[in-house]
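Here's the structure, in structure tokens; my notes come after.
Nothing in this text is a laboratory measurement; each read-out follows from the coordinates by a stated rule. Not measured: the values here are computed from a predicted model. FYI the Cβ positions are ideal-geometry reconstructions off the backbone, even for glycines, and counts take in every protein chain you see.
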Amino acid sequence: MKILALVGSYRKGGTIDSAVDEILAAAREADAATAKIYLIDKQLEYCTNCRACTQEEGDGHGRCVLDDDMEEILAEISGADALVLASPVNVGTVTAVMKTFLERLVCFAYWPWGQPAPKMRNPVPNKRALLVVSSAAPALITRWLTATAGILRKGAAFLGARAIGTLFIGLAAGQAHRELSTGVLRKARKMGKKLATMN
């Protein structure tokens with residue numbers, strides 16, 4: 001079992017990163033191998049909506065015309081059994097770096113010119129995913145009044161993963177280096193173990 005985390009935060013060692021670390025630590029204790037990608041460390045160009053990657057039928061994903069680190073990231077995702085997608089809330093949604101990554105996932109759609117809507121290349125999920133969302137607002141408000149978790153869930157679906165849970169972390173902006181609460185740590189570890197052991 002290999003679990004790959006995709007971190008869309010701009011701050012290493014912050015709330016999102018710490019929560020992901022707890023999830024991965026619990027997964028390793030359950031004998032999973034883990035890896036983490038910081039999207040800010042990767043060269044990711046903006047999708048230009050040329051749709052070249054969507055024109056050919058087939059499994060997997062279409063090839064993008066842009067020459068950057070996306071193909072490398074997708075190769076790591078392909079080799080993983082489960083995913084963690086994590087982003088703080090910025091202006092009511094995922095961060096710009098996470099959104100840039102998610103927009104590039106159009107390569108998992110078959111959408112030739114003239115077809116009114118895209119079709120998923122891999123409609124049946126073969127992976128599991130956890131979502132992690134942090135916000136300055138209370139967790140309950142974040143859950144109901146932002147689109148962040150839903151956007152991450154759609155991204156997971158494009159990657160062939162079914163989201164099995166979301167960790168919401170509220171009141172994350174009260175101080176520069178906020179420690180995770182005991183409750184959040186407990187939930188993160190429980191979710192990490194679940195991700196690593198579900199059949």
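Here are a few things to note about the model shown:
- Lys-Lys pairs in segment 2-197 that are eight or more residues apart or on separate chains and whose Cα atoms lie under 17 Å of each other come to 14.
- Which of 66, 95, 23, positive extreme of dipole for segment 14-118 (C-beta unit charges): 95
- Applying a DSSP loop filter and a limit of 16 other Cβ atoms within 10 Å to the GluC sites (Glu not before Pro) in segment 1-52 leaves 45.
- Ordering of 132-141, 81-90 by burial proxy (mean other Cβ atoms within 10 Å per residue, highest first): 81-90, 132-141
- Using alpha-carbon coordinates, inclination of helix 182-197 to the longest axis of the chain, degrees: 40
- For segment 12-86: Kirkwood Rh in Å [reciprocal of mean 1/r, alpha carbons]: 14.7
- For segment 105-164, the alpha carbon positions stretch 44, 25, 14 Å along the principal axes, listed from largest to smallest.
- Cα-projected label distance for residue 50 with residue 10, points at 7 Å along beta-carbon direction, nm: 2.9
- A DSSP coil position with no more than 16 other Cβ atoms inside 10 Å describes the following chymotrypsin sites (Phe, Trp or Tyr not before Pro) in segment 49-117: 113.
- Loop-located trypsin sites (Lys or Arg not before Pro) in segment 41-78, at most 15 other Cβ atoms within 10 Å (DSSP): 63
- FRET efficiency for the pair residue 96 and residue 182, taken as 1/(1 + (r/R0)^6) with r the Cβ-Cβ distance and R0 = 25 Å, rounds to 0.20.
- Computed over all pairs of different Cα atoms, the Kirkwood value for the hydrodynamic radius of segment 2-197 is 17.0 Å.
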